[in-house]
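The structure appears below as structure tokens.
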Amino acid sequence: DAKTTQPPSMDCAEGRAANLPCNHSTISGNEYVYWYRQIHSQGPQYIIHGLKNNETNEMASLIITEDRKSSTLILPHATLRDTAVYYCIVRVTYNQGGKLIFGQGTELSVKP
Amino acid sequence: EAQVTQNPRYLITVTGKKLTVTCSQNMNHEYMSWYRQDPGLGLRQIYYSMNVEVTDKGDVPEGYKVSRKEKRNFPLILESPSPNQTSLYFCASSWTTHTDTQYFGPGTRLTVL
């Protein structure tokens, strides 16, 4: 079972920041938070991951609360091409099966 | 270009007719995996491989076989497909199981009549 809770859908205006929340209240100390997205039935695409510090890359920023029970993915300037389902996943770094447990995700619609 | 490729991308077949979906990666990754995606059930792992000749079952292996004879290829075999295997299939790869990024293929949409 997925260990995360995300809103099923969100809207965002083009050019504005998209802030996608995720609750992971049962996260363990050795579990990372990962974000992937899936654009219209294409293969999921890795976005970013973190343990407890905030992270930023060319795609997005990840803000993790101090107690690590929740996090927020930030797309700083959303474009129409960012319309996708966004998945928040928690997993240990060493996972024998290597599997990613995808929940239902958040369907983000970026509107002109 | 680093990528995971799958063939075919679309396939309609009939019950019982053996088929193979190929997966190939050009990144020299050790780890490869197959998922299926169904409405309301999300992505579920079928099989995975940690290296050549090393494969293991995921969460939903029934009705599927895999092989890993070469590092770059990880075909998914349906010996006797049934309608409940109608799904969207994704292959993924990464350096190891405990690496941060998994790269996914474009998907294969399979319909079994």
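A compact table of results
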{"quantity": "Tabulated pairs, segment B:56-67, first closer than 12 Å to B:V21 by Cβ, second polar (S, T, N, Q) and in a strand (DSSP E or B), C-beta under 6 angstrom, 6+ apart or interchain", "calculated": "B:V66/B:T55"}
{"quantity": "Residue within segment A:50-69 that is closer than 24 Å to B:Y48 by Cα and of a type in the set (A, V, I, L, M) present", "calculated": "no"}
{"quantity": "Strands (runs of 3 or more DSSP E) contained in segment A:6-112 and holding at least 1 residues more than 11 Å from chain B (Cβ to nearest Cβ) and in contact (Cβ under 8 Å) with a residue 40 or more places away in the chain", "calculated": "A:9-13, A:18-23, A:31-38, A:70-75, A:84-92, A:106-111"}
{"quantity": "Every residue from segment B:50-70 that is charged (D, E, K, R) and either farther than 15 Å from B:S93 by Cα or surrounded by fewer than 16 Cβ atoms within 10 Å (Cβ to Cβ) (or both)", "calculated": "B:E53, B:D56, B:K57, B:D59, B:E62, B:K65, B:K69, B:E70"}
{"quantity": "Options B:V66, B:V54; residue that is away from chain A (no Cβ under 11 Å) and modelled with pLDDT under 95", "calculated": "B:V54"}
{"quantity": "Odd one out for B:M32, checked against (1) within 14 Å of the chain's Cα centre (by Cα); (2) farther than 27 Å from A:R37 by Cβ; (3) hydrophobic (A, V, I, L, M, F, W, C)", "calculated": "(2)"}
{"quantity": "Within segment B:17-110, strands (runs of 3 or more DSSP E) holding 2 or more residues that are in contact with a His (Cβ under 7 Å, 6 or more places away or on another chain)", "calculated": "B:87-94"}
{"quantity": "Verdict on A:Y94 being among the aromatic types (F, W, Y) and either closer than 14 Å to B:T101 by Cβ or at pLDDT 95 or above (or both)", "calculated": "no"}
{"quantity": "Of all residues making up segment B:20-56, the number that are under 22 Å from A:S41 (Cα atoms) and not basic (K, R)", "calculated": "21"}
{"quantity": "Members of segment A:2-49 that are of a type in the set (A, V, I, L, M) and within 30 Å of B:Q6 (Cα to Cα)", "calculated": "A:A2, A:V33, A:I39, A:I47, A:I48"}
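The values are calculated or read from the model by the stated rules, or taken from the named source; none is laboratory data. Computed from a predicted model, the values in this text were never measured in an experiment. We place every Cβ from the backbone using ideal geometry, glycine too, and count neighbours over all the protein chains shown.
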